[in-house]
Each structure stands twice: as structure tokens, then as C-alpha cells.
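Here the structure is laid out as C-alpha cells; the discussion comes afterwards.
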Amino acid sequence: MLSYDATTPRSFFLALVGICNPSKLWDLTKPVVLWKARQTRLVGENATLAFTTDGELKLEEDGDVVWSSNTTNKGVRWLAISDSATIMLLDESESNVIWQSSDEPSDTVLLQRALKPGYKLVSWNTSEDSSDGLYSLVMEKNRLKLLY
């Protein structure tokens, strides 16, 4: 879904939003951003999210690609959202994952997800401003590093 950025009028970012509760994954109380694409900029209401015939998921505005799964011609045939809130691009057999949102974490790691070496979480600027904030958490080979 394209989510509204409250700090910039008519601006949106690509995100998977869920309703979470500590006692169960889904509850009808408070929407939470579960995953946010690391797009190059916010987009307006005329932006398009497309799943192309050559297997790419991309967010475009005025002909510019703002974010992409970078899966062109890699055998992607299906798009699915798992019960564990992961966007997945699958091959023709629907059993091989070519790309998944959990391999590109933004600011959140959900239960049963690994923070692998090379992964980086970046805080939001504020609770209403989804631009990159001051803090980063980087998983290195033998340690977890907090950057400010």
C-alpha cells in the first residue's frame, strides 16, 4: 500500500501496514508500518505501483522509478503476501522465493525474522516523519552496531 507521510502534504511512501497487538499478530486496534521500501523520495498521489510482466515490482512517478525490487528477468511470476507480513516475489512453481521484503528491512524487525550481517535498520526522523532519522542499527559479522 502507499502510505501517507503526515509531515509532507500529498506525499506517500511504499509500505506494508498491519494492525498489531503483542498477544497476536493481527488485531483491529492500531495500524503499524511493518515494512517500508527504501525509496529515493516520497511520491505524490499520481504515483503507480506495478508488478510488471518481466517480474519486477516497482514504484514510479512521472516516468521515474522511485523504488524497485530489481527482479527483472529473474523468473518471477507471482506476488504474494505471507501470513507473517512479508511481500514475496515467487517463481512459476510458487515454491522458490526470488525476492522478499524481509531481506530489505527498513526500521523494523518482526518476530521470527533474522537481522543478518549487512542489514541496516534506520529510525524514522519522528513518529510522523518517515524520512531517515538520526539512528541506525547495523548488523556486522560478529557484532551489532548502533550509529548516531
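Each value in this text was obtained by applying a stated rule to the coordinates, not by laboratory testing. Not measured: the values here are computed from a predicted model. Heads up, the Cβs are rebuilt from the backbone with ideal geometry, glycines too, and the neighbour counts pull from every protein chain shown.
Simple spin-label estimate for residue 115 and residue 79 gives 3.0 nm between the two label positions (7 Å along the Cα-to-Cβ direction from each Cα). Take the Cα of residue 72, step 7 Å toward its Cβ, do the same at residue 94, and the gap between the two points is 2.8 nm. By the rule of a C-alpha distance below 17 Å, with chain neighbours fewer than 8 residues away ignored, the aspartates and glutamates paired with residue 120 are 103, 104, 107, 132, 140.
In straight-distance terms, cross-link reach from residue 74 covers every one of the aspartates and glutamates whose alpha-carbon lies under 13 Å from its own, apart from those fewer than eight places away in the same chain; here that gives 54, 56, 91, 92. Could you point to the residue in 124, 71, 98 farthest towards the positive end of the stretch 71-125's charge dipole, with +1 and -1 charges on the Cβ of Lys/Arg and Asp/Glu respectively? Of the candidates, 124 comes out farthest on the positive side.
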